[in-house]
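Down below is the structure, laid out as structure tokens.
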Amino acid sequence: MAFWDVVAEHHVRQAVAEYDRLGQVEFLAHYGFGRATAYLLIVDGKAYDSKAILGVAYRLATGSPWVRMISAAGSMGPLACCADWALTSGTSVTGSGQTLPC
């Protein structure tokens, strides 16, 4: 099982809902993430801090915090959110001058 295989769409949507409820500043502070510097996760046309959303989604899926010091195989590259799970249409990752559909 790959690192991200445990994360399903509903985990991402739960993380997005909490982000929306708390707001960016409080969400990032609560979970110890910084603002996205390279890639944003676009869900239903709205931009989110990609690592924060995916890190919280991983926590929701496993009950364990996402560890930043993970192996290269599970690293947070721009395509990590597009692994084996797929979000509904209208979701993508954008940054560094490109948009990658999930």
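Miscellaneous remarks
- This ranking places Ile42, Ile53 by how few other beta-carbon atoms lie within 10 Å of each, fewest first, which gives Ile42, Ile53.
- Within the shell defined by Cβ-Cβ distances under 13 Å, the residues around Ala38 carry a net charge of +1, with Lys and Arg each +1 and Asp and Glu each -1.
Taken together, the values in this text are just the output of simple stated rules run on the coordinates, not laboratory data. Predicted, not measured: the structure shown is a model, and the values here were computed from it. Cβ: placed from backbone, ideal geometry, glycine included. Neighbour counts: every protein chain shown.
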